[in-house]
Amino acid sequence: MEKMDMIFYRKLPTPKEIKEEFPVSEEVEALKERRDEVIKAIFEGRDPRMLLVIGPCSADHEDPVIDYISRLRRVQDKVQDRIVIVPRIYTNKPRTVGTGYKGMLHQPDPDKPADMLEGIIAIRRLHARAANETGFTCADEMLYPENHRYLSDLLSYVAVGARSSEDQQHRLTASGVGIPAGMKNPTGGDLTVMMNSIAAAQSSHMFLYRGWEVKSPGNPLAHAIMRGYVDKYGRNHPNYHYEELHLVAGMFAEKGLKNPSVIVDTNHSNSGKQYLEQIRIAKDVCYSRRQSGDIKRLVKGFMIESYIEDGRQGEHDHIYGKSITDPCLGWEKTEKLIMDLAEQWV
């Protein structure tokens with residue numbers, strides 16, 4: 001008898017079963033509908049405000065994440081005429097090498113063994129709590145396409161990571177999520193790969209998804225996330241500068257893609273993971289927008305890694321609101337940066 005070299009531990013509930021057991025309220029359904037329309041208008045160029053996807057590298061613990069997002073709520077109310085904030089609640093985010101901690105979905109308590117059933121419940125509870133308590137529908141990374149539907153009635157934005165944007169299943173799934181899907185340039189920096197990902201995500205497809213033959217309509221809100229790249233010697237190179245953004249504007253036009261849009265990721269290889277550089281990078285891009293109508297139309301906002309405390313903590317530390325994956329900008333600097341960006345977004 002044929003055998004795979006893995007243990008089939010237990011069968012997990014389907015997204016439909018989880019949604020029936022932990023439904024969203026009518027108020028949250030209406031909130032998501034309103035938020036989705038606002039964000040769609042930004043990508044279609046009907047709303048000139050900045051889209052700011054901001055939050056911890058990885059959503060590690062429920063209480064500090066909600067604390068952080070509640071602080072964002074208060075700032076959002078101050079800058080609502082210039083900025084639309086979409087908090088990052090990244091529940092699938094592992095450490096860079098992919099070993100050990102793999103995010104809340106796998107390990108709802110970073111200090112305890114993996115428990116994916118509890119993880120599925122935990123990530124749904126966290127996103128629902130954010131919507132109910134702060135009025136934000138949030139962003140998550142679509143690291144595992146088959147898991148998207150566990151949260152699809154709560155999310156207003158998804159990102160496809162640098163290591164995933166070349167993968168066909170991610171591209172196909174992004175074509176049917178019904179919300180903006182940011183396709184990152186791959187870690188090697190090939191912008192053609194990124195543009196092909198966007199083209200695939202904007203197209204209609206028939207494909208296999210969670211045991212079903214499905215058809216997607218294509219996602220006209222699929223767009224680029226510029227995150228810098230790493231060369232063959234392991235050196236980081238940014239790609240947020242004026243020249244690269246002009247190049248990408250031309251590539252969108254050449255491919256005839258819908259709603260040409262870029263979100264600039266201010267961390268990762270753009271900053272060399274020097275998290276304080278995010279402040280300078282965001283302001284640099286604002287300056288580029290003021291110098292070029294093409295770039296102003298193209299760049300719709302930023303992705304910024306931010307949490308309550310500056311930096312990142314060690315694997316065995318227990319510091320409230322401090323990242324356990326990539327280093328993040330602390331709250332005081334974050335609040336000041338958001339206020340500064342509201343002034344510079346014209």
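Readers should treat all values here as calculations from the given coordinates under stated rules, not as data from a laboratory. None of the values given here were measured: they were computed from a predicted structure. Please note: Cβ atoms are built from the backbone with ideal geometry, for glycine as well, and neighbour counts cover all protein chains shown.
Ordered by the count of other Cβ atoms within 10 Å of each Cβ, fewest first, I39, I121 give I121, I39. In order along the range 177-189, the Karplus-derived 3J(HN,Hα) couplings, from 6.51 cos²θ - 1.76 cosθ + 1.60 at θ = phi - 60°, round to 7, x, 9, x, 10, x, 9, 6, 5, x, 4, x, x Hz, and Gly and Pro are given as x. For the chain, leaving out every one of the GluC sites (Glu not before Pro) that falls in a DSSP loop and has at most 12 other Cβ atoms within 10 Å, the longest unbroken run is 3-314.
Couplings 3J(HN,Hα) of the range 325-331, computed from phi: 10, 6, x, 10, 6, x, 5 Hz, in residue order, whole Hz [Karplus 6.51 cos²θ - 1.76 cosθ + 1.60, θ = phi - 60°; x for Gly and Pro]. Counting only trypsin sites (Lys or Arg not before Pro) that DSSP places in a loop and that have at most 14 other Cβ atoms within 10 Å, the longest clean stretch of the chain runs over 47-162.
Taking chymotrypsin sites (Phe, Trp or Tyr not before Pro) in DSSP loop conformation with at most 14 other Cβ atoms inside 10 Å as exposed sites, the chain has its longest uninterrupted site-free stretch at 10-232. When the chain is treated as a GNM with alpha-carbon contacts under 10 Å, the residue of M116, M142, M104 showing the greatest mean-square fluctuation is M116. Cα centroid separation, the range 44-60 to the range 192-217: 24 Å.
Straight-line reach from K112: which lysines have Cα under 29 Å away, leaving out those fewer than 8 places along the same chain? Those lysines meeting the cut-off are K11, K16, K19, K93, K102, K273, K322. Amide H contacts for D167 (H built 1.01 Å from N in the peptide plane; partners 5 or more residues away or on another chain; cut-off under 5 Å): none found. Put simply, the amide H of H205, placed in the peptide plane, has neighbours under 5 Å in S216, G218, leaving out anything fewer than 5 places away on its chain. The modelled label-to-label distance for the pair I319/E146, using points 7 Å beyond Cα in the direction of Cβ, is 3.8 nm. Each part reduced to its alpha carbon centroid, the range 10-38 and the range 99-151 end up 13 Å apart. Separation of the range 271-308 and the range 222-251, taken as the distance between their Cα centroids, equals 12 angstrom. Positive contributions from Lys and Arg (+1) and negative ones from Asp and Glu (-1), summed over other residues with Cβ under 15 Å from the Cβ of L172, come out at 0. Once backbone amide H atoms are built at 1.01 Å from N, A159 has D140, E141, M142, G182 as its partners under 5 Å, excluding neighbours fewer than 5 places away on the same chain.
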